[in-house]
Each structure stands twice: as C-alpha cells, then as structure tokens.
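Since every read-out is calculated from the coordinates, none of them should be taken as a lab result. Note that the coordinates shown come from a computational prediction; the quantities given were computed from them, not determined experimentally. Neighbour counts are summed over all protein chains in view; Cβ atoms, including those assigned to glycine, are modelled from backbone coordinates with ideal geometry.
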Amino acid sequence: MQKLLASLLLLLCFSLSTQAQQPEKLNASEIHQAVKKLNFLGSVLYLAAHPDDENTRLISYMSNHVKARTAYLSLTRGDGGQNLIGPEIRELLGVIRTQELLAARRTDGGEQRFTRANDFGYSKHPDETLAIWNKNEVLSDVVLAIRQFKPDIIINRFDHRSPGTTHGHHTSSAMLSVEAFDLANDKNAYPDQVKQYGTWQPQREFFNTSWWFYGSQEKFDEADKTNLLNFDIGVYYPSLGLSNNEIASLASSQHLCQGFGRLSQRGSQTEYIELIKGDLPKDKSNIFDGINTTWTRVTGGEKIEAILKTVETNFNFENPASHLDQLLQARQLIEGIDSPQWKTQKLKEINKIIEACAGLYLEASASTPNSATGQVIDVNIEALNRSAAVITLESYTISNNNKKNNSALLLTPNDKQELKKQITIASKLQPTAPYWLNKKGSLGMYKVEDKNLIGKPETPRAITIDFNLKINGYPLTITKDLIYRYSKPDKGELYRPFEIIPEASAKIDQKVIIFENDQQKDIPVTVKAGKDNLDGYVSIAHPKGWSVFPEKQKFEIANKGQEQTLIFTVIPPKNQSEGLLSPMVYVGSNVYTKELVEIDYEHIPFQTVLLPSESKIVRLDIQKRGENIAYIEGAGDVVPESLKQIGYNVMVLKPEEITAERLSAFDAVVVGIRAYNIVDALKFKQDILFDFVEKGGNMIVQYNTNRRLKTDQIAPYDLKLSRDRVTDENAEVTLLAPEHDVLNFPNKITLKDFEGWTQERGLYFPDQWAPEFTPILSMHDKDETAKSGSLLVAKHGKGHYIYTGLSFFREFPAGVSGAYRLFANMLSIGKENSINDNGLKN
C-alpha cells in the first residue's frame, strides 16, 4: 500500500511539475480562489537561508487559507548543497534549486525572492557567515525585499537568539531579518532605496517555532505560550480536492535535487509562531487581527470592495465570463487608487482573473527554441476567445523592436486566430543567462551590477509580446513571454522558454585535467554554432610553462546547433604546476570565451547558462600502486572520473554486482558518499565486502550522515558516526601518525598537501572507534576541540579498511593536488611489503 501511495504521489508531482512549464489555465474553482485573494489586502514575508528551508505548510496556509499575498525570501540559492539527480554542483546547482523553489511556489501559491548571498557551504556560527557574506550588502537586500514587497507580517524560519547552535546561515537569516524589521522604516538606511521604494514598517515579526527548538516535546508542552500563536494547517479545501498539508507536501517535493520527494500528509497538524516584534494580536487565531486587510485600506476602495464582494459571493461557476463587466469596472477603479503597492499588485491579479474568465488563450511561439542576435525567426501568434464577450485584438507589440503591429482582429467565440510574423533578433539583446552569474562574485556574494535585478528569482525574458485588447469596449493589455512549443511522440506537448544564445561557444568537457606525469595529452575542444554557416578559429589561453599545439585551428559549421571538435595537444611542465585552459573562439571581430551549459530536467523549465569556458590543469607529482578500482555509487559525485584521470581503471558496480568472484578482479573498492544512507542493498553486501578486505583488498568508505543509516555495521570494527565537521577549508591540520604508510607511500604527504582545499575539510567524522583503527589526522574549526576522526585506517586480515569524512568529492572537481595524492596513498596502502600489522613502517 505504501508503494502505491508513493507511486500516486510521484505521478501527481510529475503532473504538477510538467504542467508548470505550460501556460497557466485556471478552472472555475481556481478563478474563484483568485477572486477571494483579490479581496484580501494583507501580505506575509517568510524568511530563511536556503531552498528547502521554507515551511511550505505555513506558506500554503497563508496563501490559500488566509488568502494573504505570501512570499519566501531565501537569502541564498543553495549552491553549496549536493545534487541527488545529476552532476551539477555549485553555480549550476544554484540554478536548479532556484527553479525548484519557483516550482514549489507555483504549487503552494507563494512568490519567490532572493538576496545576493552565496551559499558557500556549511557554517557553524553567524560570525563566520556574516564575515564571508558582506553583511551590509545582504542586510541591504533584506531591507530592499521588505521595502519592495511591503509585508504586514514577517515570519522567520529560524531563531535569532541561538547563534552557534545550528547552521550559521540559518541563524544569520533570522538575525538579519530582525535588524531589517526596523531599518526598513528608517529613511537614513540605504537612502538610494528610499528614493525608489520609500520606507516601510511591518506590523509584526514572528519566529516559526516548534517543539524541536525546545529540545523535546515535553519541554515544549511545559513552556509559556503567551506569545505564541498556533494554526491547524491541515485544513481541507473542497474546491481544490486537497488539504493544505497535501499541497505543502507537493510543494516541498519539488526539491528533488535535495531528495525531498515524499508522501503527502493529511489531517490536523498544528504550527506555532512566536511573536518577537510588534504587537500581539488580541484574537490569537487571526494573525492579521488589528490590521486592515479589506479594500477600505486604500482611498476609494469601498467601491472596489462592493463590486468584488458581489462577484465572490455570487460567483457563476458555470459561466465565469458573466462577471466580466463587473471585473472590468473594478479594474478601472483600481487604476485610480493612490497606493502604488496595491495598485500594481491588484492590477496584476485582476488581469489574470479577467483573462481566465474570458477563456482567453494568448500565445506567441517561436519556430526555434533559441537564436543568436541578428538572426531571423518565425513567430506564430495565437489568439482565442472562448466566451461570449466581445473581444478584439487591436494590436500587438513585440518587445524585440517595440513596433506596434495593428490588427483590429475580432475574436469571435471559439474561433482561433493565428498571425505569422518574422522578426530579426535585435543586436542589443544579451544572451539568456542567470543574471547573478554574469559577473564573477566572491566566495560569499554574487555580483549584480543592475540594481533593478537584485532580489528577482530569475532574469526577465528577453522578448515579450503585448496583446492590446478591447474586452466589451474596455482596453486591456496582456503580456506574454515568447516561448517555444513543440511535441514529442513519447511526451506529447512540451514547452520551453525562448532563449538568446551567442553565435559561438566552446567547451572542454573535463573541468579538471590531471597530468600524472610530464607526458602530453590531447584535449578536445568543442565549438557549438548558434547560427548557420559559422566559421572562425580557436586558440587556447594557457598558463606560463605549459605549451599548446597548434596555436590556433580553423572551424566551419554549416548548421545552427551543430558542433565541431578540435584536438589540441597540451604539454605540461616537468615539475608540479597548475593553471587554467581557456578556449577563445574568434568569429569575425568578435571573441567568445564562454561555454553554453544546458540544464534539462522534467520537473523544471529548460535552463541555459553561460559560464566562463575554462578547465583547471594540474601537473601532479604523484605515484600510485594498484590498477583496478571498483566504485559503488552513493548520492553522486565525480570521484570515479577523477580516479580515471590519474590512471586507475575504474568500474562502477551496482549493488547486485557485488559478489566475491566479481570483487576478486579489483585492488580496491571505493564506496561513494552517503551510500549507506541511500542504497538499501548494501546492508546485505557487507560480509562480501569485508571478506574482500580480509583477503587483501582495500576498502575506502566516504562520508555518510549519522541518521537513517541502512546498516549499523558499516565497518568490520565498531565505528560511530557523529555530526563533527570542519567547515574552514584552511583549518590547520596535524599529522597524528606521521610514520603511517598512508602518509608516506607511495607519496610523501605533508602539510602542503592540505593547502588550497575548497569549501570545507570534511563532515560527519566518526567520534568513537575500535582500537583497530588508527586516526591519521587532527583538525578543528576556530574555538573548537580537535577532531581526529577525519581519516581512520584499520588493518583487517591482509587488507585495509579506511573510513574518511574528508571532502574528496569537493576537492577532486576543484583539482586540489594534495587530495589526489592522499587518495592515491589510500588506494595504494598495503601494496608493498614494508609495513607491519598496524600499518606502520618497520
């Protein structure tokens, strides 16, 4: 039964997520819900640090039950996390997680906002977080979000009073929110913002608490709840056929790259919020008690309210178009109100309602999913009126050239009208790319030069179409993005955003290229055409001391979208060295130095990302023993590919392929990150793996979390995982066993090998282990005790079992030479005769 429920949920999630890429088509119940929201003038800003931090239950409750305009401000885009669905990490992972957040908001009814803060990885304290982030800039972004969104109520996911007890990003998000609550109303704080958006004072600020923050359910039950409000967020919405917590489950299940797909929940469920600023509502069942949320909040709102309340109360589910005249009258009155905040928002809402009531279908579809500037594309414009209203398409304007195209086309009921248009993509348009990646930022901050983009979830689309209509004599403009609509036999109708691409791009597939000796390597460079009949030449920028032959190569590509691969020979220096290879594509007088990255997952819209085209090259002073490595995949990493780069033969084994006979062909087995958290079958293979070690093989297990392990026996001897981690990638390392073979054979490991590490030293180190293990290294973050569980080696029979929480999965993609040298030693241990039973040199 549980499998059936999981399958049904997956099907529903898939349906919602694929539909999310298609035009929004509201049914009568959804239109009625939208009218109810139109009649509520209150707003809530929910605030936390990362994608998946947000409480979708509360966001959905505020949006769908309370009917408040609700947004989630995520300080970061989650770049520092891990990806369970593909190879994308860092910036590309941030792009995926941004889109997953937008998919979650489409599901729970909220809006999405960000700051420029970069998720640089786990942080233990807000002091560290705010030192790496630019505190003033992130604070200014939070203040900006408040001034732009103008929330009546702010709800923080985390507690600002508990620094050092949880992720530093989490506590920092709450601390910045508390500070911004008052600063947003200070005209002297960030005065440039005040000129454009004015000041704003939220009425109340809450902390979204629970028993977890009190340590136990018992302590929470005994706590003073005077300042707490609570809501049953399990309410059922008959018009939607779903309960609030079901919607919330579907929303959080959009975070697939973080492994958040889960079963839906139903029934009563209580959420608590604690007042930390502002006045406590007298009616604690109403978070907006004492705040005017009716149309009387704005001058002239009484007339608007009277009209819209009549529509809401007497809504015609059979024929929503019967309300068009009332809605158009209300819209005209909204245009005259003196509140820019509510005027802009409510016009946006009522436009969507009018469009849905009229059964209008308006679409502009390009003949191609992308184009370079200067190219000509065909656009198919479709307009359809599915109501009895008198609607004419007076004209349409394409933002590409802003030229009005007069049409004066009467849209008779259910008679589809199509217009064909050729447009030349304007040279002024920039290639489509996430705006926060256009310029190189710092470890803690993205650089955004266009101040008007700060906070937006994504880059506005380059080409839009204004449909200038008259509905029952009333003028109305509806704007649509240019899209690409197509179909596949096995998928049906599909949509993609239309995107501007450069006429040429180039890439080197391998982002880190390791030279284990001074032998040359042939490096393929792939040039991709963004237009037909592309020709030019490619050269490669390279570090001093390296040589590239030939200096340049010509290319000719006949058709847009095709690629041509050129082979360059790269000759490393004799000694250890590293730097960057950067292809440079010359087309006429233009030089292109970026790689076009495409991200294509079914649960998010297709994404195009432009990143600097560069690969790190490392001439590595490295020796190794053994040749054949079996790799058991976990949550996903590039360790197998990295080991191949230094000359190992690596074969990825599925759990069912783990047999004694199969393992006998290998010198070592490496287990991927978090494999014991996610691979159920491993618990049945431990005896085979330990027997492999006992007979002389090496087994290296990379980090696992200490929760939800599939087996308690992850090692042949007692080993207990903890949450110990060292987040400072530059933390001092002490060699506890300097004579141990793993630090001496075949490479002499010194403290220099721990220079240049990225994001962290490691995580989830064991804190208890059997005497058979030898701890090799000690390290710690500032003001913490030493952690000695990052690398543990045990002799087991004729072989060695190694457990490591060191972040090799982060260091290998960054080309950290010391990480490669140490891992080669781990694979090579025991491959010489000069060691005793404890792994120490004789």
The range 41-293: radius of gyration and largest Cα-Cα distance (Dmax), Å
17.6, 52
Once the Cα atoms of the chain are picked out, what are the Rg and Dmax in Å?
29.8, 96
Hull volume in cubic angstrom per residue (convex hull over the Cα atoms of the range 703-842)
107
In whole Å, how far is the Cα centre of the range 734-795 from that of the range 235-297?
46
Cβ-based exposure ranking for Thr734, Thr705, Thr76, Thr804, in which fewest neighbours within 10 Å come first
Thr734, Thr705, Thr804, Thr76
If a/c stays under 1.5 just call it rounded; otherwise compare a/b with b/c (prolate if a/b is bigger, oblate if not). Do that for the range 504-619, with a ≥ b ≥ c from the square roots of the Cα gyration tensor eigenvalues.
oblate
Determine the dipole magnitude for the chain: charges of +1 sit on the beta-carbon of Lys and Arg, -1 on that of Asp and Glu, nothing else is charged, the reference point is the Cα centre, and the result goes in debye to the nearest 20.
1420
How big is D, in µm² s⁻¹, for the range 56-169 by Stokes-Einstein at 10 °C and 1.306 mPa s if Rh is the Kirkwood radius over C-alpha pairs?
103
Quick one: compute the contact order of the chain, relative version, from alpha carbon pairs under 8 angstrom and 6+ residues apart, as a percent.
9
In Å, what Kirkwood hydrodynamic radius results for the range 561-606 from the alpha-carbon pair distances?
14.9
Cα-Cα longer than 18 Å, checked against Lys531/Lys594; Lys37/Lys346; Lys303/Lys343; Lys695/Lys720; Lys348/Lys421; Lys683/Lys720, kept in input order, equals Lys695/Lys720; Lys348/Lys421
Which order do Tyr72, Tyr236 fall in if you start with the one that has the fewest other Cβ atoms within 10 Å?
Tyr236, Tyr72
Relative contact order of the range 504-619, pairs being alpha-carbon contacts under 8 Å that are 6 or more residues apart, as %
35
Charge tally in the Cβ shell below 9 Å around Ala504, where Lys, Arg are +1 and Asp, Glu are -1, Ala504 excluded:
+1
Counting only DSSP beta bridges with both partners in the range 41-293, the antiparallel fraction in percent, to the nearest 5, comes to 40
Against the longest principal axis of the chain, how steep is helix 324-334, in degrees 0 to 90 to the nearest 10, with axes from Cα atoms?
80
What shape does the range 500-548 take by its C-alpha gyration tensor, where a ≥ b ≥ c are the square roots of the eigenvalues and a/c under 1.5 counts as rounded, a/b above b/c as prolate, and the rest as oblate?
prolate
Order by neighbour count: Tyr272, Tyr537, Tyr820, fewest other Cβ atoms within 10 Å first, most last.
Tyr537, Tyr272, Tyr820
For Asn118, what residues show an amide H to amide H distance below 5 Å, using hydrogens built from the backbone and excluding near sequence neighbours?
Met445, Tyr446
Which whole-number percentage describes the relative contact order of the range 403-469, with Cα contacts under 8 Å and a sequence gap of 6 or more?
23
For the range 210-306, rounded, prolate or oblate, judged on the Cα gyration tensor with a ≥ b ≥ c (square roots of eigenvalues), a/c < 1.5 rounded, else prolate if a/b > b/c?
oblate
Neighbours of Glu784 by Cβ distance under 14 Å: Lys/Arg at +1, Asp/Glu at -1, summed charge -3
